[in-house]
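The values are calculated or read from the model by the stated rules, or taken from the named source; none is laboratory data. Everything quoted here is computed from the prediction, not taken from an experiment. A quick note on method: Cβ atoms are made from the backbone with ideal geometry, for glycine too, and the neighbour counts reach across all protein chains shown.
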Amino acid sequence: MQLKSVIQGDQHGASGDKDTFKLVETVFRDYDIRGIAFTEINQEFALRLGKSLGQLTLERDEDSIYVGRDGRLSSDKLTTSLCEGLLSSGCNVIDLGLTSTPILNFAIYHHGRSGCGVMVTASHNPGAYNGFKMVMQKVVVSSDEIQELKGMMKANLFTPLTKGFFSSLDIMPQYLNYVIDNTEITHKFNLVIDGGNAVAGDIAARLFEQAGCHVERLFCDVDGDFPNHDPNPSNEKNLATLIERVKLNKADLGIALDGDGDRLVIISGAGKIVWPDRLMMIFAQAILPQNPGSIVVFDVKSSMRLKEFIIQNSGVPLLSKTGHSHIRQALIDSNAILGGEFSGHIFFNDRWNGFDDGLYAAARLLEVLCNSDTDKVISIDCILSKFDNSCFTPEILVPIPETEKFELMEKLTNYCNFGDAQITTLDGLRVERSQSWGLIRASNTTPNLTLRFEANNNMELKCIKAHFQNKLKPFIKKIEDYI
């Protein structure tokens, strides 16, 4: 980002000009802002958001805000305009530069200059997207606060104030040292890290090399075109090269990260995908024996085995809506010791600060795999082999226009009859039967409906999928092509 541009500013939306700016309503999501860069979210949008966010920051009795950006091609220009808006509101900007969302959160908790931050990122979305993740007073902004920001941006009534101060901060070395000091990795693991050409790949490689591991870097150079695959580890297709490389190198683990580093998916030494709900079982098994009776939060997309496992290990399961802000808020409200969702956000609240960090979660996994009694590494495949198996699908995405997905979900909730099954409408429709469950919900981040199914065996899995297909046919065309 050009410091000169930030300090001097542009004349976006100068007073007296006719306001031709049009706000796209659908970019204001449940817990962040996300849309197509330079069309739905352009530089004027970022400028107005900066002014609004700066005003909100000052109203929260904070005089400064941390700003970070990911490696997308649009992030540099949007960040420049965002900072212009923030500074014009009188708010000071502490620029972290090209960084990850967890490092932004780390700065908020450990640098101590402000409890507020904004990350320019669209996380796992394709390269054409961009957006903003925001934190106010160490808490992810609420849906109400996002709507408040939208109202301020629409009104565009901002009183010019004395500009805030702009400063830069390189906190990455402190972050890397803190993660290493907070975990005990006693073995030199052989790792393959797939950064998806996003910002977190190089940071992760540095972290684990500093921890003494051998690291093969796969797509760890930042390229906002994402030439190899989208930075979305929840999509099985995006894991194919990583799986091949883990097998070829006989690596201990593969680590796949998302676009801003707060999510991960693990590949075992045998080349198997370790989905995050299974990873949560590993962490629950490690943490709960020393903390019996503690709450573990998980989302509606997670395995039925996870709930059972938490209870078996003397924990208290707590179901949450999907979404990093919902999990984090549930963690705060319940004082839970651990939280996670199927997409790969993992939250530690035992000796960490309760925010999601894919790199820290990977470090905690390596700690679990280090057997201090025998000095031998425990294979993650060995741990998983002792868990109860089930048959399940990954996330199934059904495309639907952004403007229609929530209305359709309301129809499904009101009119679909699933008989005597247990129905949960906390987030979409989760239908639970004695040996299976299915879920359909509206994605908060993409124009899709999300479905997932799990059962004790293949026959029951086919049965629950067929049951859903039958119920959804009147509402969703060609649903049989997806389920």
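Quick notes on this structure:
- Of residues in the range 111-152 being among the charged types (D, E, K, R) and touching a residue at least 24 places away in the same chain (Cβ under 8 Å), the one surrounded by the most Cβ atoms within 10 Å (Cβ to Cβ): K133
Per-residue answers, yes or no, for (1) within 17 Å of C213 (Cα to Cα); (2) surrounded by fewer than 21 Cβ atoms within 10 Å (Cβ to Cβ):
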position	(1), (2)
S343	no, no
F348	no, no
F355	no, no
L359	yes, no
S379	yes, yes
L384	no, yes
D388	no, yes
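- E402 touching a helix residue (DSSP H, G or I) at 6+ places or on another chain (Cβ under 6 Å) and charged (D, E, K, R): yes
- Exclusive hit being of a type outside the set (K, R), touching a residue at least 60 places away in the same chain (Cβ under 8 Å) and within 30 Å of G131 (Cβ to Cβ), set N457, N448, N444: N444
- At least 2 residues being not hydrophobic (A, V, I, L, M, F, W, C) is the threshold, and among the strands (runs of 3 or more DSSP E) wholly inside the range 147-263 those reaching it are 166-168, 190-194, 214-218.
- For the range 84-128, the tally of residues that are hydrophobic (A, V, I, L, M, F, W, C) and on the phi > 0 side of the Ramachandran plot stands at 0.
- When we screen G85, G115 for residues that are outside any helix (DSSP H, G or I), of a type outside the set (K, R), over 18 Å from the mean Cα position of the chain (by Cα) and not assigned by TED's automatic domain parsing to the domain that holds G196, the only hit is G115.
- Taking the numbered list (1) exposed (fewer than 14 other Cβ atoms within 10 Å of the Cβ); (2) at pLDDT below 95 in turn, K471 passes all entries but (1).
- Residue under evaluation V27, criteria (1) in contact with a Leu (Cβ under 6 Å, 6 or more places away or on another chain); (2) surrounded by fewer than 24 Cβ atoms within 10 Å (Cβ to Cβ); (3) of a type outside the set (F, W, Y), criterion not met: (1)
- Wholly enclosed helices (runs of 4 or more DSSP H) of the range 276-372 bearing at least 1 residues over 28 Å from A107 (Cβ atoms) and basic (K, R): 276-287, 304-312
- D144, sole failed condition from (1) in a loop (DSSP other than H, G, I, E, B); (2) farther than 30 Å from T393 by Cβ; (3) modelled with pLDDT under 95: (1)
- Within the range 418-448, considering residues that are hydroxyl-bearing (S, T, Y) and more than 17 Å from the chain's Cα centre (by Cα), the one surrounded by the most Cβ atoms within 10 Å (Cβ to Cβ): S436
- Subset of the range 377-417 (residues that are of a type in the set (F, W, Y) and either in contact with a His (Cβ under 7 Å, 6 or more places away or on another chain) or within 11 Å of L449 (Cα to Cα) (or both)): F406
- Taken over the range 50-79, the residue count meeting the criterion of being among the basic types (K, R) and assigned to a helix (DSSP H, G or I) is 2.
- Members of the range 280-305 that are of a type in the set (A, V, I, L, M), in contact (Cβ under 8 Å) with a residue 60 or more places away in the chain and surrounded by 24 or more Cβ atoms within 10 Å (Cβ to Cβ): M280, M281
- Close contacts from the range 173-193, counting a first residue that is charged (D, E, K, R) and a second that is crowded, with 18+ Cβ neighbours inside 10 Å, with Cβ to Cβ under 6 Å and a gap of 6+ residues or different chains, come to K188/C213.
- Residues of the range 419-439 that turn out to be within 25 Å of D30 (Cβ to Cβ) and assigned to a loop (DSSP other than H, G, I, E, B), as a count: 4
- Scanning the range 230-250 for any residue that is of a type in the set (G, A, S), over 23 Å from L176 (Cβ atoms) and either in contact with a Lys or Arg (Cβ under 9 Å, 6 or more places away or on another chain) or crowded, with 21+ Cβ neighbours inside 10 Å (or both) turns up at least one such residue.
- Within the range 382-418, the set of residues being assigned to a strand (DSSP E or B) and of a type in the set (A, V, I, L, M) comprises I396, L397, V398.
- Every condition in (1) surrounded by fewer than 24 Cβ atoms within 10 Å (Cβ to Cβ); (2) more than 27 Å from A204 (Cα to Cα) is met by L86 except one, and the failing one is (1).
- Condition check for V316 on (1) buried (at least 24 other Cβ atoms within 10 Å of the Cβ); (2) without any contact (Cβ under 8 Å) to a residue 24 or more places away in the chain: one failure, at (1).
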